[in-house]
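A.B. asks: Below you will find the structure I want to go over with you.
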């Protein structure tokens, strides 16, 4: 991965190096290239730089953060000629009290006209956003870094569409797809376990860590399916409550693992009260936890259909991150619309088909009778080719 630059990085590099008014924040899951981008920035920057990472088994504290900041201040030159300095702090959400410390130091430098440019990296978008909104209002700009897309994995590693469905968008694991057991082990041990244990359990108050782990397993097993919270509790054999499950789903989403999509409804209250549609944010998570050769999953039409639908849903969520676009689903009795895109008054209904068979779309027809739909799309089958759809940002269909 270190030898490959995501196309989006060229624009980000210029944007970060030229920005002087705000703290720049790169937020996204593990293993999507945030640190690679930061190191490439340092290599290409025409200014002194200092990189520090808080990604350690034990949490760092405010003193550590202040020490890293002082190194940058020294490079900037507190007295005499002052030069711009780029300070990069990786996994910043792991520093206890980081947002208050950053606010104090940033404000001190702003008052002293000390030209330190700050780039913060975080692998838990939810925890990073919490710290930003609590202490750094008006001082930051978030740049979401999402999972790798199909065109990126195809361009860099030569993945076919079928391979992308089965092995997902983790660049670090791509060289291992010829060895399915090693690939699955890498996903489980280096990505899933590290994210759960170090990005969620270590940083959040989790009263039932075993429940959170089982909930993630449930999201992988039932990705692409609607499951009520009560049915989840039954599947998990736990006497907890739905509020706990909803909170744990939020944490899994913040870590870039899985989400629970809300049902499209006329009001936000009704949406929040709906049963979630479980969805992984990278199909590698869905296939790696099954403990079988991912290629065998292609032979089961039902499983393959859920994998394809999950890949489409993950693409929609990843390409709308940071934009005012909602990704939902709709269900009325047995009639379902796989995904609904909403932006303002624009509504797009999407149905996903994994086979070329001609099939009727009763869910879409019923949805269009109830709501003013801007556009209805069939993805796969006899509709928009899956390869074309996965190469197009979701916002395009709302234009």
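A.B. asks: Taking the stated definitions as given, is residue 333 under 13 Å from residue 393 (Cβ atoms) and surrounded by fewer than 17 Cβ atoms within 10 Å (Cβ to Cβ)? Break it down stepwise before answering.
C.D. replies: Details: under 13 Å from residue 393 (Cβ atoms): no; surrounded by fewer than 17 Cβ atoms within 10 Å (Cβ to Cβ): yes.
It is false that residue 333 is under 13 Å from residue 393 (Cβ atoms) and surrounded by fewer than 17 Cβ atoms within 10 Å (Cβ to Cβ).
A.B. asks: When the range 21-72 is examined, which residues are found to be assigned to a helix (DSSP H, G or I), out of contact with any strand residue (DSSP E or B) (no Cβ under 6 Å at 6 or more places or on another chain) and under 24 Å from residue 137 (Cβ atoms)?
C.D. replies: 62, 66, 69
A.B. asks: Whether any residue in the range 129-147 is touching a strand residue (DSSP E or B) at 6+ places or on another chain (Cβ under 8 Å) and assigned to a helix (DSSP H, G or I) is what I want to check.
C.D. replies: Restricting attention to the range 129-147, the residues satisfying the condition of being touching a strand residue (DSSP E or B) at 6+ places or on another chain (Cβ under 8 Å) are 129, 132, 136, 139-145.
Those left that are additionally assigned to a helix (DSSP H, G or I): 129, 132.
Taking every residue of the range 129-147 in turn, at least one turns out to be touching a strand residue (DSSP E or B) at 6+ places or on another chain (Cβ under 8 Å) and assigned to a helix (DSSP H, G or I).
A.B. asks: Also, I was wondering about something else. Say we look at the range 144-173 and pick out the residues that are crowded, with 18+ Cβ neighbours inside 10 Å and within 30 Å of residue 100 (Cβ to Cβ); which of these is nearest to the chain's Cα centre (by Cα)?
C.D. replies: That would be 146.
A.B. asks: Please pick out the residue among 367, 389 that is closer than 16 Å to residue 305 by Cβ and crowded, with 20+ Cβ neighbours inside 10 Å. I'd like the intermediate steps shown before the answer.
C.D. replies: Numbers: 367 fails: closer than 16 Å to residue 305 by Cβ.
It is 389.
A.B. asks: Inspect the range 187-196 for any residue being in contact with a helix residue (DSSP H, G or I) (Cβ under 8 Å, 6 or more places away or on another chain), over 29 Å from residue 296 (Cβ atoms) and assigned to a helix (DSSP H, G or I) and give the result as yes or no.
C.D. replies: No, every residue in the range 187-196 fails to be in contact with a helix residue (DSSP H, G or I) (Cβ under 8 Å, 6 or more places away or on another chain), over 29 Å from residue 296 (Cβ atoms) and assigned to a helix (DSSP H, G or I).
A.B. asks: Would you say residue 217 is at positive phi, in the same structural domain as residue 331 (by TED's automatic domain parsing) and modelled with pLDDT of 90 or more? Full working, then the answer.
C.D. replies: Details: at positive phi: no; in the same structural domain as residue 331 (by TED's automatic domain parsing): yes; modelled with pLDDT of 90 or more: yes.
Here the answer is no, as residue 217 does not meet what is asked.
A.B. asks: Also: Among the residues of the range 21-34, are any surrounded by fewer than 19 Cβ atoms within 10 Å (Cβ to Cβ), more than 17 Å from residue 145 (Cα to Cα) and over 21 Å from the mean Cα position of the chain (by Cα)?
C.D. replies: Yes, that holds for at least one residue.
A.B. asks: Would you be able to say whether some residue in the range 78-94 is within 21 Å of residue 124 (Cβ to Cβ) and surrounded by fewer than 18 Cβ atoms within 10 Å (Cβ to Cβ)?
C.D. replies: Filtering the range 78-94 down to residues within 21 Å of residue 124 (Cβ to Cβ) leaves 87-94.
Then drop every residue that is not surrounded by fewer than 18 Cβ atoms within 10 Å (Cβ to Cβ), which leaves none.
For the range 78-94, residues within 21 Å of residue 124 (Cβ to Cβ) and surrounded by fewer than 18 Cβ atoms within 10 Å (Cβ to Cβ): absent.
A.B. asks: Take the residues in the range 104-128 that are at pLDDT 90 or above and either out of contact with any strand residue (DSSP E or B) (no Cβ under 7 Å at 6 or more places or on another chain) or assigned to a loop (DSSP other than H, G, I, E, B) (or both); name whichever of them is nearest to residue 72 (Cα to Cα).
C.D. replies: Out of the qualifying residues, it is 105.
A.B. asks: Ok, one more. How about the range 155-174: which of its residues are part of a helix (DSSP H, G or I) and modelled with pLDDT of 95 or more? Walk me through how you get there before you give the answer.
C.D. replies: Looking only at the range 155-174, we keep the residues that are part of a helix (DSSP H, G or I), and these are 155-157, 161-167, 174.
If the condition is that a residue be part of a helix (DSSP H, G or I) and modelled with pLDDT of 95 or more, then 161, 162, 163, 164, 165, 166, 167 are the ones that fit.
A.B. asks: Further question: Can you go through 158, 168 and tell me which one is on the phi > 0 side of the Ramachandran plot, in contact (Cβ under 8 Å) with a residue 40 or more places away in the chain and in the same structural domain as residue 390 (by TED's automatic domain parsing)? Walk me through it before giving the result.
C.D. replies: Values: 158 fails: in contact (Cβ under 8 Å) with a residue 40 or more places away in the chain.
The conditions single out 168.
The values are calculated or read from the model by the stated rules, or taken from the named source; none is laboratory data. Since the model is a prediction, treat every value here as computed from it, not as a measurement. Note: ideal-geometry Cβ built from the backbone for every residue, glycine included; neighbour counts use all protein chains shown.
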